[in-house]
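Asker: Attaching a single structure in structure tokens format; questions to follow.
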Amino acid sequence: MSLGVPLSWLSEGVANHELWAIVLRTLQVSGTALAVSALIGIPLGTALALTRFGARRWIVALVYTGMGFPPVVVGLSVYLLLSRQGPLGGLEWLFTPSAMVIAQVVIALPLVAGLTMGAVESVDPDVRLLLRALGASPVQEALGLVAEARQGVVASLVAGFGGIISEVGAAMLVGGNVEGSTRVLSTAIVLETRQGAFGMALALGGVLLALTFLVNLMLMRLQGTPWWSKG
Amino acid sequence: MIGAVMTDKHSDTRWQVLPAARRARRLAETLAAALLLVLFASALSACGSQAPGTLRLATTTSTYDSGLLDDLLPDFEETYSVQVEVIAVGTGQALALGERGDADVLLVHDRRREEAFLQAGYAESRDPVMFNDFVLVGPPSDPAGIGGLDSAAQALAAIAGQQAPFVSRGDQSGTHGRELSLWEAAGLEPDPAGGWYFAIGQGMAATLRFADEKAAYALTDRGTFLALRDKLPGLVILLGGGQLSENPDPELRNPYGVLVVKASAGREVQSDLARTFAAWLTSLPTQQRIARFGLERYGQPLFYPDSLAWRQARGE
């Protein structure tokens, strides 16, 4: 196949409104899912790293299992949950962006929590002793350790984001690939390939790659000194 | 050679000082080799065409999902001792596969695009094989009141008028093509941003599932709907009747054609085998088999034979 096809398409695609709408929607859905996963996953991972209690082992095992959970099975579970015959059918969320966010949180949350836990655990124990000796409250202590482990914590966000923005099985099952509503880059690529529009599919793949790269660059900026440790 | 050995020696001593760099380089070399191997293998599998005696048939999902091909193909494979690889996709992709020479023969259902394909010189022949029909399905409550109508275009206009939910294949398949020409006949252009028209770009089964969940209308071929009916409690046929003879709208007839892909530079296809397949598919014995298929299970045929040989035998 000639490479001229996707390139010429790309130049036309810049003026293509549907393409930009898909890019924006992809960022909205996966960005929301990542934000929710970070808000729950970073505190959860930190708590699991810093505390010892009875059920901890079970929760850790659950998180590790979730890290390797097949996204398409997550999609199936969320589908059954939100289906009209399912327990949450009354919400009428199936085939909406909300359903996709739920599925993506289930996929990304264990990655964020598990990798954050590992990162915080591997911080030099002396740092924790030092923080305590300086009279840090438990919350300040946790914040200090997260700041110390920020490289790993940001890596957990990168892993979570990579896992969901490129994911297609769950997105297709619970989103339904509805034009103008739940069609994201990954499902659009499947659609274009199925239709034999290989040039457009390749171009969309390039956009997805570029987007992931840019978002990861932005996330890596967080690996610098955090605001709460400045001054 | 000597130079190379010396360079190696030289770099060897340097690397002993920097074992980490050496390891990193080894790793990079291994990765590069693995990558090359994968590229090479995929290039090989792409160029090395299928073994002789293998015919690649690209067809629509309806002929495959309904079980028709599983019923017919063993006879062809035994008679001619060939293997048939079935690629079940939408008509749009089937035609694209033929255009690239990735399929030898196509069994599709979009008369307009089949003619265009033939005109463009991608196929050497197009022959009628069979037909079935499309029906409009929807929730029993029928909010747009299409139940009593006898024209699909009028029914679509009523659905659009009520802004009742409608699910479209939206995948350039033959069914999607028919839906678009029905909208055209109704003088309407549904807007995906309107919130009631869902273009999902998926297969027939997924589209029917979607319609079932959303209590929406959809255009489907009768065969796929009959095959999946048990799993679609929320859908009934609202326009199209109980069987093809009861379908009030001739615009809903769905003819299938077989196209033999033309060989040319850059498109090496098995034209001889493909011609044999097309002749076999349109021959009287195969056509009789098509007429019998599904009778037992659904109480009606899913496909109606329509080849030249069949029509001649019936004195038409």
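The values are calculated or read from the model by the stated rules, or taken from the named source; none is laboratory data. Predicted model, so just to flag it, every value in this text is computed and none were measured. Reconstructed Cβ throughout: ideal geometry from the backbone, glycine too, with neighbour counts over all protein chains shown. Each accessible area value is taken on the protein alone, full model and side chains, heavy atoms only, with ligands, DNA and RNA left out. Shrake-Rupley method; radii C 1.70, N 1.55, O 1.52, S 1.80 Å.
Asker: Which of the residues spanning the range B:181-197 are open to solvent by 30 Å² or more (accessible area, probe 1.4 Å) and within 13 Å of chain A (Cβ to nearest Cβ)?
Answerer: Selection gives B:Asp191, B:Pro192, B:Ala193, B:Gly194, B:Gly195.
Asker: Of all residues being more than 14 Å from every other protein chain (Cβ to nearest Cβ) and more than 19 Å from B:Leu55 (Cβ to Cβ) in the range B:95-113, which is surrounded by the fewest Cβ atoms within 10 Å (Cβ to Cβ)? Just the residue, please. Don't jump to the end; show me each part of the working.
Answerer: Applying the first criterion (more than 14 Å from every other protein chain (Cβ to nearest Cβ)) to the range B:95-113 yields B:104-105, B:107, B:109, B:111-112.
This time we only want the ones that are more than 19 Å from B:Leu55 (Cβ to Cβ), so: B:109, B:111-112.
Values: B:His109: 27, B:Arg111: 17, B:Arg112: 11.
For the range B:95-113, the residue satisfying everything is B:Arg112.
Asker: Which count do you get for residues in the range B:121-141 that are under 24 Å from B:Thr276 (Cβ atoms), out of contact with any helix residue (DSSP H, G or I) (no Cβ under 8 Å at 6 or more places or on another chain) and of a type outside the set (Phe, Trp, Tyr)? Quick ask: steps written out before the conclusion?
Answerer: As a first pass, look at the range B:121-141 and keep what is under 24 Å from B:Thr276 (Cβ atoms): B:121-131.
Among the residues that remain, those that are also out of contact with any helix residue (DSSP H, G or I) (no Cβ under 8 Å at 6 or more places or on another chain) are: B:121, B:131.
Next, only the ones that are of a type outside the set (Phe, Trp, Tyr) stay: B:121.
Result for the range B:121-141: 1.
Asker: Among the residues of the range A:88-135, write down those that are open to solvent by 30 Å² or more (accessible area, probe 1.4 Å), out of contact with any Gly (no Cβ under 8 Å at 6 or more places or on another chain), farther than 18 Å from A:Met172 by Cα and not in a helix (DSSP H, G or I).
Answerer: A:Leu88, A:Asp124, A:Leu134, A:Gly135
Asker: If a residue has to be outside any strand (DSSP E or B) and within 14 Å of chain A (Cβ to nearest Cβ) to count, how many in the range B:222-268 make the cut?
Answerer: The first filter runs over the range B:222-268 and keeps only residues outside any strand (DSSP E or B), leaving B:222-235, B:240-252, B:262-263, B:265-266, B:268.
Okay, now just the ones that are also within 14 Å of chain A (Cβ to nearest Cβ), so B:231-235, B:266.
Of the residues in that region, 6 qualify.
Asker: Could you list, in sequence order, the residues of the range A:193-202 that are outside any loop (DSSP other than H, G, I, E, B), at the interface with chain B (Cβ under 9 Å from one of its Cβ atoms) and not polar (S, T, N, Q)?
Answerer: Applying the first criterion (outside any loop (DSSP other than H, G, I, E, B)) to the range A:193-202 yields A:193-194, A:198-202.
Then keep just the ones that are at the interface with chain B (Cβ under 9 Å from one of its Cβ atoms); that gives A:193-194, A:198.
Passing the criteria: A:Arg194, A:Phe198.
Asker: Also, I was wondering about something else. Residues to consider are A:Gly163, A:Gly169, A:Gly180, A:Gly176; find the one that is within 14 Å of chain B (Cβ to nearest Cβ) and surrounded by 20 or more Cβ atoms within 10 Å (Cβ to Cβ). Talk me through it step by step, then tell me what you get.
Answerer: On the way: A:Gly163 fails: within 14 Å of chain B (Cβ to nearest Cβ); A:Gly169 fails: surrounded by 20 or more Cβ atoms within 10 Å (Cβ to Cβ); A:Gly180 fails: surrounded by 20 or more Cβ atoms within 10 Å (Cβ to Cβ).
When all the criteria are applied, what remains is A:Gly176.
Asker: Another question about this same structure. Of a type outside the set (Asp, Glu), within 13 Å of chain B (Cβ to nearest Cβ) and within 20 Å of B:Ile200 (Cα to Cα): which single residue out of A:Ser98, A:Ser83 fits that description? Before you say what the answer is, go through the steps one by one.
Answerer: Details: A:Ser98 fails: within 13 Å of chain B (Cβ to nearest Cβ).
Sole residue among the options that is of a type outside the set (Asp, Glu), within 13 Å of chain B (Cβ to nearest Cβ) and within 20 Å of B:Ile200 (Cα to Cα): A:Ser83.
Asker: On to the next question. Could you go through the range A:203-221 and let me know if any residue there is assigned to a helix (DSSP H, G or I), closer than 21 Å to B:Gly92 by Cβ and under 20 Å from the mean Cα position of the chain (by Cα). It would help to see each step written out before you state the result.
Answerer: Here is the first cut: in the range A:203-221, the ones assigned to a helix (DSSP H, G or I) are A:203-221.
Filter again for closer than 21 Å to B:Gly92 by Cβ, leaving A:203-205.
After this cut, where a residue has to be under 20 Å from the mean Cα position of the chain (by Cα) as well, the list is A:204-205.
Checking the range A:203-221: at least one residue is assigned to a helix (DSSP H, G or I), closer than 21 Å to B:Gly92 by Cβ and under 20 Å from the mean Cα position of the chain (by Cα).
Asker: Here's another thing I want to ask about it. In the range B:64-75, which residue that is surrounded by 14 or more Cβ atoms within 10 Å (Cβ to Cβ) and modelled with pLDDT of 90 or more is nearest to B:Leu284 (Cα to Cα)? It would help to see each step written out before you state the result.
Answerer: So in the range B:64-75, the residues surrounded by 14 or more Cβ atoms within 10 Å (Cβ to Cβ) come out as B:64-69, B:71-73.
After this cut, where a residue has to be modelled with pLDDT of 90 or more as well, the list is B:68-69, B:71-73.
Values: B:Leu68: 16, B:Leu69: 16, B:Asp71: 16, B:Leu72: 13, B:Leu73: 15 Å.
So, considering only residues that are surrounded by 14 or more Cβ atoms within 10 Å (Cβ to Cβ) and modelled with pLDDT of 90 or more, the one nearest to B:Leu284 (Cα to Cα) is B:Leu72.
Asker: Quick one: is B:Leu18 modelled with pLDDT of 60 or more and of a type in the set (A, V, I, L, M)? Steps first, answer last, please.
Answerer: Details: modelled with pLDDT of 60 or more: no; of a type in the set (A, V, I, L, M): yes.
It is false that B:Leu18 is modelled with pLDDT of 60 or more and of a type in the set (A, V, I, L, M).
Asker: Select from the range B:283-302 the residues that are farther than 16 Å from B:Asp127 by Cα and either of a type in the set (Phe, Trp, Tyr) or open to solvent by less than 50 Å² (accessible area, probe 1.4 Å) (or both) and list them in ascending order. Step through it out loud before you land on a result.
Answerer: The initial filter retains those residues of the range B:283-302 that are farther than 16 Å from B:Asp127 by Cα, namely B:285, B:288-289, B:291-302.
Within the range B:283-302, B:Ala291, B:Phe293, B:Gly294, B:Tyr298, B:Gln300, B:Pro301, B:Leu302 meet the criteria.
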